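A.B. asks: Structure provided below as structure tokens; questions to follow.
The values are calculated or read from the model by the stated rules, or taken from the named source; none is laboratory data. Keep in mind that what you see is a predicted model, and the values were worked out from it rather than measured. Glycine gets a Cβ as well: all are built from the backbone with ideal geometry, and neighbour counts include every protein chain shown. Each accessible area value is taken on the protein alone, full model and side chains, heavy atoms only, with ligands, DNA and RNA left out. Shrake-Rupley method; radii C 1.70, N 1.55, O 1.52, S 1.80 Å.
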Amino acid sequence: MSEPVAVLGVGQTTYKRRHPESSAADLIWAAAEEALADAGLGIDAVDVIIAGVAPDALAGENCVEKTAIFGTGKPFLRVNTGGVTGSSTAFAGASYVASGRARAALVVSLERMGQASTSQRVFNTIFDPVYEKDFPLTTITMAALRASMLMRVYGYSERDWAEIAARNYRHALRNPLAHLHLEVTPEDVLDSPLLAWPIHRLEACPMSEGACALVLGGRDLAAGRNAAWIQGMASTSDSYAMGDRIRRPEGSLVDLLSLQRSAVRAYADAGVSDPRKEFGVVELYSPFSSAEAMTYPALGFCAPLDGPRFIQEQQEDPSLPVFNPSGGPQAANPVSATAMVRIAECALQVRGLAGDRQVADVRRAVATGQGGATQFSTVCVLGTQTP
Amino acid sequence: MTELVSIPGHWDFDYTYFAGEAASRFFAELRNTRVMGATCPDCRRVLVPARSFCDACFQRTTDWVEVGPEGTLETFTIITAAFPGLPEPPIVMAYVTLDGADTALVNLVLGLDLSDIGAAAAGLQRQPRVRVQYGPEPQGRITDFAFVLA
């Protein structure tokens with residue numbers, strides 16, 4: 001990057017099943033207003049606005065962001081890259097600032113799926129209509145196909161999935177923005193109804209809606225403001241076809257090659273060499289426990305076969321980063337916004353503004369994103385130091 | 001306090017999906033009970049189901065070869081909960097690499113004993129051999145066949 005880019009403001013609505021009190025425009029407005037207030041900037045200071053919304057059918061309205069085009073007279077873009085919509089939107093805004101084409105960018109992502117009554121039916125339409133749509137492929141069954149492969153290849157158990165989920169719910173108890181506030185033990189997760197073996201109800205993310213916004217700016221605007229610097233950001237694609245990745249020698253379906261490649265690039269830009277020691281916080285795009293487990297080796301926290309042990313290590317070794325202090329997507333998954341929420345949470349933690357869930361002395365944090373059938377992955381490293 | 005208004009909505013659109021030449025040929029071969037793959041001239045992978053190009057090499061595929069009818073079950077899920085618009089559970093869906101193919105394709109696995117889901121899952125985790133079984137009247141669609149234990 002040429003000009004360093006910082007997160008100067010964060011705005012979020014709460015995340016919950018439905019916001020019947022708000023129109024889509026109200027939700028975008030609320031997040032944007034809060035982010036600008038947090039940055040101490042007015043709309044006139046913003047040179048570009050970028051909105052992120054994933055499948056229109058989840059809202060039942062095309063281009064749901066259109067009724068919230070405020071601050072007119074500037075470039076406006078809309079981004080949809082599935083689950084990484086939120087981070088793609090943030091990266092697009094950061095690129096405007098880094099290139100010098102904007103002093104400040106306002107990026108906002110909205111999930112309005114509370115208007116949908118049959119989300120898994122909508123999610124079936126994200127798959128290939130020629131070879132795939134006739135099968136019961138959904139976000140849940142796609143995750144289940146990977147979870148069973150992770151169990152076979154790397155030795156995870158159903159208990160491991162339950163442990164990860166229980167920890168995420170525990171963290172969410174301190175996050176007033178989270179959708180689910182549940183006191184749940186691993187046993188409760190295992191006792192919840194089986195949706196698609198090996199995934200139980202309490203191991204799957206909820207359907208949430210809400211909006212998240214960031215104000216991004218360069219060095220001049222960051223002066224005198226509480227800034228979280230983007231020290232590295234990378235976005236990587238992969239083959240769409242999941243079947244092509246099953247026997248692939250350089251990285252199978254459960255090795256998350258796109259995330260691994262994004263991490264290598266973002267860590268290189270940020271100067272991160274030992275992720276176990278150099279991050280205070282890790283915010284993962286992990287709507288299912290199995291999705292979280294896949295990230296551990298891809299992000300360099302452990303060898304693939306050590307993944308199950310790493311779940312225990314997190315509980316025993318206080319020198320390790322805190323994983324998902326927000327509760328992560330298992331406690332709130334506003335799909336279009338989720339990857340931006342990870343960046344927002346890291347920015348709040350780095351800026352010391354994370355309230356009851358604040359982790360002590362976070363100098364650096366990492367946020368991930370995963371989209372589609374994980375054909376898109378993003379990694380964003382944020383920190384207190386200007387890159 | 002204003003009474004909040006919510007307005008009912010419904011999407012009901014019809015579509016026609018155009019499969020393209022490669023998939024059309026694949027489906028025509030399925031009607032002849034042959035599962036075909038297309039070969040990438042660069043990486044030499046046999047891509048199944050057949051497609052017109054290799055995305056890894058950015059090359060048009062060339063030679064078509066028949067694969068299967070037997071193969072190895074790679075990974076699976078047993079769907080146990082009902083979702084609106086999807087078939088009634090329990091359903092087994094799996095990725096299978098057919099003999100001679102380098103990639104796996106997704107389809108249903110039929111004819112399994114699902115009276116004990118845990119036991120069925122344990123059996124499928126052993127990656128059983130499976131074979132392609134065609135339905136009575138092939139339509140030239142991916143649903144013309146399913147997998148059964150070999």
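A.B. asks: Can you pull out every residue in region B:1-25 that is aromatic (F, W, Y) and either away from chain A (no Cβ under 12 Å) or within 30 Å of B:F147 (Cβ to Cβ) (or both)? If you could, list the steps in order and put the result at the bottom.
C.D. replies: Initially, region B:1-25 is screened for residues aromatic (F, W, Y), giving B:11, B:13, B:15, B:17-18.
Hits for region B:1-25 are B:Y15, B:Y17, B:F18.
A.B. asks: How about region B:26-51: which of its residues are in a helix (DSSP H, G or I) and within 12 Å of chain A (Cβ to nearest Cβ)?
C.D. replies: Start the filter on region B:26-51 by keeping residues that are in a helix (DSSP H, G or I), which leaves B:26-31.
Residues satisfying the conditions are B:F26, B:F27, B:L30.
A.B. asks: Out of A:A360, A:A365, A:A347, I need the residue that is over 25 Å from A:R18 (Cβ atoms) and assigned to a strand (DSSP E or B). Which one? Before the answer, list the steps.
C.D. replies: Working: A:A360 fails: assigned to a strand (DSSP E or B); A:A347 fails: assigned to a strand (DSSP E or B).
Going through A:A360, A:A365, A:A347 in turn, the sole match is A:A365.
A.B. asks: All but one of (1) open to solvent by 30 Å² or more (accessible area, probe 1.4 Å); (2) assigned to a loop (DSSP other than H, G, I, E, B); (3) at pLDDT below 95 hold for A:S286; state the number of the condition that does not hold.
C.D. replies: So A:S286 meets the others, but not (1).
A.B. asks: Follow-up. Among the residues of region A:232-249 satisfying the criterion of being more than 10 Å from every other protein chain (Cβ to nearest Cβ) and not hydroxyl-bearing (S, T, Y), which is nearest to A:G371 (Cα to Cα)? Walk me through it before giving the result.
C.D. replies: Let us first name the residues in region A:232-249 that are more than 10 Å from every other protein chain (Cβ to nearest Cβ), namely A:232-236, A:249.
From the residues that got through so far, the ones that are not hydroxyl-bearing (S, T, Y) too are A:232-234, A:249.
Working: A:G232: 19, A:M233: 16, A:A234: 14, A:P249: 22 Å.
Filtering region A:232-249 for residues that are more than 10 Å from every other protein chain (Cβ to nearest Cβ) and not hydroxyl-bearing (S, T, Y), the one nearest to A:G371 (Cα to Cα) comes out as A:A234.
A.B. asks: If I filter region A:302-324 for residues that are within 26 Å of A:T13 (Cβ to Cβ), among the charged types (D, E, K, R) and not in a loop (DSSP other than H, G, I, E, B), do I get at least one hit?
C.D. replies: Going residue by residue through region A:302-324, those that are within 26 Å of A:T13 (Cβ to Cβ) are A:322-324.
Checking the rest, the ones that are also among the charged types (D, E, K, R) come to none.
Among the residues of region A:302-324, not one is within 26 Å of A:T13 (Cβ to Cβ), among the charged types (D, E, K, R) and not in a loop (DSSP other than H, G, I, E, B), which makes the answer no.
A.B. asks: Evaluate the following for A:A32: is it open to solvent by less than 10 Å² (accessible area, probe 1.4 Å), out of contact with any helix residue (DSSP H, G or I) (no Cβ under 7 Å at 6 or more places or on another chain), farther than 22 Å from A:I126 by Cβ and among the hydrophobic types (A, V, I, L, M, F, W, C)?
C.D. replies: Details: open to solvent by less than 10 Å² (accessible area, probe 1.4 Å): yes; out of contact with any helix residue (DSSP H, G or I) (no Cβ under 7 Å at 6 or more places or on another chain): yes; farther than 22 Å from A:I126 by Cβ: yes; among the hydrophobic types (A, V, I, L, M, F, W, C): yes.
Here the answer is yes, as A:A32 does meet what is asked.
A.B. asks: If I ask for residues that are open to solvent by 40 Å² or more (accessible area, probe 1.4 Å) and either touching a His at 6+ places or on another chain (Cβ under 9 Å) or not small (G, A, S) (or both), which ones from region A:289-312 would you list?
C.D. replies: Correct list: A:P304, A:L305, A:D306, A:R309, A:Q312.
A.B. asks: Of all residues being of a type in the set (S, T, N, Q) and surrounded by 22 or more Cβ atoms within 10 Å (Cβ to Cβ) in region A:1-29, which is nearest to A:I49 (Cα to Cα)? Just the residue, please. So that I can check it myself, show each step before the final result.
C.D. replies: Step one: list which residues in region A:1-29 are of a type in the set (S, T, N, Q), which gives A:2, A:12-14, A:22-23.
With surrounded by 22 or more Cβ atoms within 10 Å (Cβ to Cβ) added as a condition, the list becomes A:12-13.
Working: A:Q12: 16, A:T13: 18 Å.
Among those residues, the one meeting the criterion is A:Q12.
A.B. asks: Among the residues of region A:228-272 satisfying the criterion of being among the β-branched types (V, I, T) and surrounded by 19 or more Cβ atoms within 10 Å (Cβ to Cβ), which is farthest from A:I343 (Cα to Cα)?
C.D. replies: Keep residues of region A:228-272 that are among the β-branched types (V, I, T), which gives A:230, A:236, A:246, A:254, A:264, A:272.
From what's left, surrounded by 19 or more Cβ atoms within 10 Å (Cβ to Cβ): A:230, A:236, A:246, A:254, A:272.
Details: A:I230: 10, A:T236: 17, A:I246: 30, A:V254: 24, A:V272: 17 Å.
Out of the qualifying residues, it is A:I246.
A.B. asks: Right, next: Could you tell me whether any residue of region A:139-150 is more than 7 Å from chain B (Cβ to nearest Cβ) and among the hydroxyl-bearing types (S, T, Y)? Even if it seems obvious, please write down each step before you answer.
C.D. replies: Just the residues of region A:139-150 that are more than 7 Å from chain B (Cβ to nearest Cβ), to begin with: A:139-140, A:142-143, A:146-147, A:150.
From the residues that got through so far, the ones that are among the hydroxyl-bearing types (S, T, Y) too are A:139.
Yes, region A:139-150 has at least one match.
A.B. asks: Based on what the data block shows, is B:L124 in contact with a strand residue (DSSP E or B) (Cβ under 7 Å, 6 or more places away or on another chain), more than 7 Å from chain A (Cβ to nearest Cβ) and open to solvent by 20 Å² or more (accessible area, probe 1.4 Å)?
C.D. replies: Working: in contact with a strand residue (DSSP E or B) (Cβ under 7 Å, 6 or more places away or on another chain): yes; more than 7 Å from chain A (Cβ to nearest Cβ): yes; open to solvent by 20 Å² or more (accessible area, probe 1.4 Å): no.
Considered against the rule, which asks whether it is in contact with a strand residue (DSSP E or B) (Cβ under 7 Å, 6 or more places away or on another chain), more than 7 Å from chain A (Cβ to nearest Cβ) and open to solvent by 20 Å² or more (accessible area, probe 1.4 Å), B:L124 comes out as no.
A.B. asks: All but one of (1) farther than 19 Å from A:I246 by Cβ; (2) facing chain B (nearest Cβ under 9 Å) hold for A:R103; which doesn't?
C.D. replies: The single condition A:R103 does not satisfy is (2).
A.B. asks: If I go through region A:44-89 residue by residue, how many of them are closer than 24 Å to A:R101 by Cβ, open to solvent by 50 Å² or more (accessible area, probe 1.4 Å) and not charged (D, E, K, R)?
C.D. replies: Qualifying residue count for the region: 8.
A.B. asks: Six or more apart or on different chains, Cβ atoms under 7 Å: show the pairs whose first residue is in region A:25-41 and within 12 Å of A:V10 (Cβ to Cβ) and whose second is part of a helix (DSSP H, G or I) and open to solvent by 20 Å² or more (accessible area, probe 1.4 Å).
C.D. replies: Short answer, once both residue conditions are applied: A:L36/A:I43.
A.B. asks: Could you pull out the residue among B:G135, B:G118 that is without any contact (Cβ under 8 Å) to a residue 24 or more places away in the chain, away from chain A (no Cβ under 12 Å) and either of a type in the set (K, R) or surrounded by fewer than 15 Cβ atoms within 10 Å (Cβ to Cβ) (or both)? Lay out the reasoning, then the answer.
C.D. replies: On the way: B:G118 fails: away from chain A (no Cβ under 12 Å).
Residue meeting the stated conditions: B:G135.
Rundown of residues vs (1) in a loop (DSSP other than H, G, I, E, B); (2) under 24 Å from B:E29 (Cβ atoms); (3) over 13 Å from the mean Cα position of the chain (by Cα), yes/no style:
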{"site": "B:L112", "(1), (2), (3)": "yes, no, yes"}
{"site": "B:A122", "(1), (2), (3)": "no, no, yes"}
{"site": "B:V132", "(1), (2), (3)": "no, yes, no"}
{"site": "B:Q139", "(1), (2), (3)": "yes, yes, yes"}
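A.B. asks: Can I ask one more? Can you pull out every residue in region B:141-150 that is farther than 26 Å from B:S24 by Cβ and within 17 Å of the chain's Cα centre (by Cα)?
C.D. replies: Taking region B:141-150 as the starting set, the residues that turn out to be farther than 26 Å from B:S24 by Cβ are B:148-150.
If the condition is that a residue be farther than 26 Å from B:S24 by Cβ and within 17 Å of the chain's Cα centre (by Cα), then B:V148, B:L149 are the ones that fit.
A.B. asks: Now, a different point. Would you be able to say whether some residue in region A:212-233 is more than 30 Å from A:E313 (Cα to Cα), modelled with pLDDT under 95 and in contact with a helix residue (DSSP H, G or I) (Cβ under 7 Å, 6 or more places away or on another chain)?
C.D. replies: Within region A:212-233, not a single residue is more than 30 Å from A:E313 (Cα to Cα), modelled with pLDDT under 95 and in contact with a helix residue (DSSP H, G or I) (Cβ under 7 Å, 6 or more places away or on another chain).
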